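First the structure, in the form of C-alpha cells, and then the observations on it.
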Amino acid sequence: MNPPITELEAPIAPVAPASTPAPARTAAAPLPVPELPPRVLLDLVTDCNLKCPMCIVHGGTDDPRLKDFLKKSMTVENARQVLDELVAAKPLMMPGMWSEPLMNPNFKEHITQMKQRGLTVAMNTNGLKINEDMAKFLVDIKFDSVFVSVDATTSETLLKVRGIKRLDLLHQAVARLMTARGDRPHPRIGVSMTLQAVNRHERDAFVEFWTPRVDAVRIGEIYEAGHFSGFVAAGERVPCPSLYSTLAVNTNGNVSLCCLDGFNEYNMGNVFKDGVKGVWHGPKFTSMRRLHERGQWDKIPICKTCDRWSSYQYEDLVRDGLLVRRTAEYTYYNRIDRLQNWHKELHGTHGDPAVKLKESAVVS
C-alpha cells in the first residue's frame, strides 16, 4: 500500500531547475535582469475584512505602522499607467499582497483593464466577498487563477488561524466559483493552507478533502520571525530570484523590496513618478541585487535570515491522479485531469508540468 500522498517529509535537495532558474553564485559579476519584471504584484488596496494572527500586516492590530498604511486604494488611472508600461512584457499580474484584493471598490475595473491588455491575472483571496455576482464576473472575464485561503478543516482551528468560525462561508465561496465556471476552463480554482502549529495536524485531512473538489491544493509554510517555519534551507545560498523576477507595487506606487516587505520599509522607488523601468533598473534595486550577488545579504536585515531563496527549485511527483509539485516552502497538489487551465503564463518561475507527465508516461 502506498503511503499517504502528503507524506513528503524529506528535505528538498537541489533538483530540476525552474524555467527561471535560481542564479548561480560563481562570481560577483552582475546577473542579468530582464527589461521588465516577469511577475508584478499590484496591491490594489491595504484593507482586509479579516485580522488573521499570522498576517504580517493586518495581524498586529496595535502595530504603529498601521496608522498611515491602512484603507488606501490604488486608483484605476494610476494602475493603468503601470499596465501600459508593462503590457509589452506580458507579466503575470497578481492584484494584491497582504490585503484582500476584493476590498478595492473598483476591483472589477482594475481587472477589466488588465484582461483588456491580454495579461494573465492570478490572486489569493479569503473568499468572503465572492458572492454570485463576483463569481460570475471572474468566470466571464476569464480570470486565470483564484486560490481561496481556507487554512483549516474544522471551525475550531479556523478560529485560531483566521479569527472566524464560519468555515461554511469559505466552502460556499469555493462552491460558487466552481458552479459559475461549470465546464469552462477558467478560472483555475484552488484552495490553500498556510501551515502553523495550530493547524499542521489537519494537513492530511485538508488535502484529502479538497483534491477531489478543486483544481489544485496549495500547502505552504508560515513566514514568521524573519524566516519560514517548517523547513531548513539546504545547499549553498544564492541570490534571491525574486529580485530578478518580481516587482511588488504598493497602493501609492512605492515598490517594496519583495512581497515580504509588507510595510514598504525598503522602498525601491515609485512607479507612478519614475516609471516601472526607472525603479526596476534604478539604483536602489541594483544595489540590493549587487549585495546578493556578493553574498552580502547580512547587510539587508530582511534578507539576513530569510530562506525563500531556496524555494525556486522544485521536484514533481505523479501519483494517484495528481501532479505534486514540491518546493521547500510549498507543495501543490494539481489534479491531472484539470491541468489544461494551468497554462504556461501561470507557471511563474516554475516549469511546464507536461515534462514530468511525459517522463511518467515513458516509465509506465
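Does segment 266-278 include one or more residues that are aromatic (Phe, Trp, Tyr) and over 19 Å from LEU92 (Cβ atoms)?
Kept after step one, since they are aromatic (Phe, Trp, Tyr), are these residues of segment 266-278: 266, 272.
From what is left, the residues that are over 19 Å from LEU92 (Cβ atoms) are 266, 272.
Checking segment 266-278: at least one residue is aromatic (Phe, Trp, Tyr) and over 19 Å from LEU92 (Cβ atoms).
Please count how many residues of segment 225-238 are assigned to a loop (DSSP other than H, G, I, E, B) and either open to solvent by less than 30 Å² (accessible area, probe 1.4 Å) or at positive phi (or both).
First, the residues of segment 225-238 that are assigned to a loop (DSSP other than H, G, I, E, B): 225-226, 229-238.
Pick out the ones that are also either open to solvent by less than 30 Å² (accessible area, probe 1.4 Å) or at positive phi (or both) and you get 225-226, 229-230, 235, 238.
Going through segment 225-238 one residue at a time, the tally reaches 6.
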(message) Could you check segment 210-244 and list, in sequence order, the residues that are in contact with a Ser or Thr (Cβ under 6 Å, 6 or more places away or on another chain) and within 18 Å of ARG338 (Cα to Cα)?
(response) VAL217, ARG218
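Answer yes or no as to whether ALA175 is out of contact with any Leu (no Cβ under 8 Å at 6 or more places or on another chain) and either of a type outside the set (A, V, I, L, M, F, W, C) or on the phi < 0 side of the Ramachandran plot (or both). Working first, answer last.
Details: out of contact with any Leu (no Cβ under 8 Å at 6 or more places or on another chain): yes; either of a type outside the set (A, V, I, L, M, F, W, C) or on the phi < 0 side of the Ramachandran plot (or both): yes.
Yes, satisfied.
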(message) For segment 101-157, give me each residue that is under 17 Å from VAL76 (Cα atoms), without any contact (Cβ under 8 Å) to a residue 60 or more places away in the chain and open to solvent by less than 20 Å² (accessible area, probe 1.4 Å).
(response) PRO101, LEU102, ILE111, GLN113, MET114, LEU119, VAL121
(request) Mind listing just one residue for me: the one in segment 183-192 that is within 21 Å of the chain's Cα centre (by Cα) and more than 22 Å from GLY220 (Cβ to Cβ) and, of those, most open to solvent (accessible area, probe 1.4 Å)? (result) PRO185
(message) I'd like to verify a number: residues in segment 70-114 that are closer than 17 Å to THR246 by Cα, touching a strand residue (DSSP E or B) at 6+ places or on another chain (Cβ under 8 Å) and not in a helix (DSSP H, G or I), how many?
(response) 8
(message) List pairs: first residue in segment 212-224 and open to solvent by less than 30 Å² (accessible area, probe 1.4 Å), second residue assigned to a loop (DSSP other than H, G, I, E, B) and at pLDDT below 95 anywhere in the structure, Cβ distance under 7 angstrom, at least six positions apart or on different chains.
(response) GLY220/GLU329; GLU221/SER229; GLU221/GLY230; GLU221/PHE231; GLU221/GLU329; ILE222/MET54; ILE222/GLN196; ILE222/SER229
(request) Any chance you could count how many residues in segment 158-182 are hydrophobic (A, V, I, L, M, F, W, C) and either open to solvent by less than 10 Å² (accessible area, probe 1.4 Å) or touching a residue at least 60 places away in the same chain (Cβ under 8 Å) (or both)? (result) 7
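Counting just the residues of segment 201-222 that are outside any loop (DSSP other than H, G, I, E, B) and charged (D, E, K, R), which one comes out nearest to ASP140 (Cα to Cα)?
Step by step, filter segment 201-222, then rank; the result is ARG218.
The values are calculated or read from the model by the stated rules, or taken from the named source; none is laboratory data. In this text the structure is predicted, and so the values were computed from the model without any measurement. As a convention, Cβ positions derive from the backbone with ideal geometry for all residues, glycine included, and neighbour counts pool all protein chains shown. When the accessible area is computed, the model is the full protein with side chains, heavy atoms only, and any ligands, DNA or RNA have been set aside. Shrake-Rupley method; radii C 1.70, N 1.55, O 1.52, S 1.80 Å.
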